[in-house]
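Throughout, read-outs are computed from the coordinates displayed, never taken from laboratory work. Here the structure is a predicted model, which means the values were calculated and not measured. In this analysis, Cβ positions are derived from the backbone assuming ideal geometry, glycine residues included, and neighbour counts consider all displayed protein chains.
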Amino acid sequence: MRTLIISDIHANITALEAVLADAGTVDATWCLGDLVGYGPDPNECVERIAALPNLQCILGNHDAAALKHIEVDSFNPEARTAILWTQQRLNTTNLAFLQSLPERIEMELITLVHGSPRQPVWEYLLDTRTATLNFDFFDTLYCFVGHTHLPVMYYLPDDTVYARLVVPENETQLTLAPRAILNPGSVGQPRDRDPRAAYAIVDMDQNTWECHRVAYDIVSVQARMEKAKLPERHIQRLSAGW
Ligand code: ZN
C-alpha cells in the first residue's frame, strides 16, 4: 500500500498540485497539518486536500491560529499578518473542515501529529535530545511529524536509548526499522535551502519511506502573494527554500 505523506502545505496550491501529480496513484494520503498560513491560496488548498480519497489529516499550529484557537500574538509579526489575512479569507466550509481536524491520530503502527507526540501542535523536533524525549510519548512503532519543514528521520537503535538523526538525500529510499520519527518536509515552504516541494511515499508492506522533491512554478505563487500584499520576507523565502 503506497501512502502519500504531505505536510506544511501553507496555502500554496501550485506546490500542492505539483506534488499530487508527481506522486501519481496512491492508496491513501496522510496530511500532517499546516494546510494554511503564509501562502496565497488557503481555500484552494483546504478544498483540494479535503477531497482526497482515503485521507487522514491533522491540525497544525497555523490551522489552529486560522480558527482563532491560538492567539495571533504567539506568532512573529509577519506570520501574524499572514494569519489575519487567512482568517479573513477562509470560507465557512473550509473553516468547518479545519475545525474537524484532530491534533493526533493513532493507527495500528503509526501515530500522526503536526509538531511532536509530546506537544502535538506546537513543539519543534529540531535536535536529537528533544527527539529522544519524545519517544516516550507514543506507543506505536513509528510517528510521522511535520512543523519544522525539514525532511529528517530520528531513530532509536537497539543498542542505545539515545535517538540518532538521518538527513536523507533526495530521491532516496529509507528502510523503516522500529522505532522512528519521520518528517516528509514541507510542500509549500521548504526550509532546507532546496526550494522544491517535498513529500514522502511510505509503503508499510515493504517498510520503505521514499523522500521526493518536485519543482513547481514559484514565480506564479510569489505574484499572487504580491497581489495579496502578503509579507515580503515570506515571498522571498520561497525562491531560496529557507
Ligand atoms: Zn508549518
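General observations
- Selection of chymotrypsin sites (Phe, Trp or Tyr not before Pro), region 66-125, meeting DSSP coil and at most 16 other Cβ within 10 Å: Trp122, Tyr124
- Among the cysteines of the chain, Cys45, Cys143, Cys211 have no other cysteine beta carbon within less than 4.7 Å of their own.
- Of all DSSP-defined beta bridges confined to the chain, some 65% are antiparallel rather than parallel.
- Summed residue charge, Cβ within 11 Å of Gln173's Cβ, Lys/Arg positive, Asp/Glu negative: -4
- Summing +1 for each Lys or Arg and -1 for each Asp or Glu among the other residues whose beta-carbon sits under 11 angstrom from that of Leu112 gives -1.
- Computed over the chain, the per-residue total of -39500 (n - 2.57) for DSSP H runs of n ≥ 4 gives a 222 nm mean residue ellipticity of -8500 deg cm²/dmol, rounded to 500.
- Taking GluC sites (Glu not before Pro) as exposed when their DSSP state is a loop state and no more than 12 other Cβ atoms lie within 10 Å, the longest site-free interval of the chain runs over 172-242.
- Cα→Cβ-extended label distance, 7 Å offset, between Arg104 and Tyr162, nm: 2.7
- On Cα atoms only, tilt of 13-23 relative to the major axis of the chain in degrees: 30
- Sites Asp203 and Glu169 - FRET efficiency at Förster radius 25 Å, r taken between beta-carbons, to 0.05: 0.85
- Value of relative contact order over region 40-136, rounded to a whole percent, pairs C-alpha under 8 Å and six or more apart: 29
- Ordering Arg129, Arg237, Arg213 from the fewest to the most neighbouring beta carbons within 10 Å gives Arg129, Arg237, Arg213.
- Based on Cα contacts under 8 Å between residues 6+ apart, region 175-217 shows a relative contact order of 35 percent.
- Ordering Tyr155, Tyr142, Tyr199 from the fewest to the most neighbouring beta carbons within 10 Å gives Tyr155, Tyr142, Tyr199.
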